[in-house]
Amino acid sequence: MTRTQYLFAFFAIIAGQARCEPVSFSIDPAHSMPRFSYNHFGFSNQLARFDKMSGKIQLDFDKHEGSMDISVDASSIDTGNTLLNSHLKAGDFFDVGSYPVATFKSTNIAFEGDRPSAIAGNLTIHGVTQPVTLNVNSFKHGPHGNLQNREAVGGTASASISRTAFGLGRYAPNVGDDVILTISLEAIRD
């Protein structure tokens, strides 16, 4: 073997060993957004989002394992209407003075091939914790073109939850109890 071939083989071995380790990613808050939709008196499906989210994702692509731990600032709710934002932040709903943060902590990430397909975990909203499974609708892993090609992961996952199960049942059933929670995020390797 030539010197170049030895160096190439050495780096290939090192790269292979590095991949066997879990990789940690930090959520990019500028490109991540949890949102939810619900039916309003049968007339329309309303949308709302939270503007502040942080957290970590850890993935071991070889072992098909991982974890996700995210926090959402409940006071960052945005419906596009200032009066409705204030109402949702108050005691009838999120009561952000008493429960300022919502969290999701995974207990298991299922894989299909090399991509996560479902994320089971505990969702805490309004001081109530319930098991929830997020179905991964899209996923990408690779260099991020806007960030000097740093390694990144991203995707969208969703679940249907009952708002009354979290103590947020005001006006049910006229305001729908079934809520579609969607989390879209990008995360950059630490």
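FYI, it's all coordinate maths here, none of it is from the lab. Predicted model, so just to flag it, every value in this text is computed and none were measured. As a convention, Cβ positions derive from the backbone with ideal geometry for all residues, glycine included, and neighbour counts pool all protein chains shown.
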Report task. Provide, as a two-decimal number, the C-alpha radius of gyration of segment 22-189 over 2.2 N^0.38 Å, N being how many residues it has. Result -> 1.06
Query - Ellipticity estimate at 222 nm from DSSP helix runs (n ≥ 4, -39,500 (n - 2.57)) divided over the chain, nearest 500 - result: -4000 deg cm²/dmol
Query raised in the report: If you stretched the chain out fully between ASN81 and ARG115, how much longer would it get, using 0.36 nm times the residue separation minus the C-alpha to C-alpha distance?
Result: 8.5 nm
Report summary line: Among HIS144, THR103, PHE93, the residue whose Cα sits farthest towards the positive end of the charge dipole of the chain, when +1 is placed on the Cβ of each Lys and Arg and -1 on the Cβ of each Asp and Glu, is HIS144
Query raised in the report: Using unit Cβ charges (K, R positive; D, E negative) and no other charged atoms, how large, in debye to the nearest 20, is the dipole of the chain about its Cα centre?
Result: 200 debye
Requested in this report: Report the one residue of GLN130, THR164, ALA120 whose Cα lies farthest in the direction of the positive end of the charge dipole of the chain (charges on C-beta: Lys and Arg +1, Asp and Glu -1; origin at the Cα centre).
Outcome: ALA120
Query - Relative contact order (%) - criterion: Cα under 8 Å, at least six apart; region: segment 22-189 - result: 25 percent
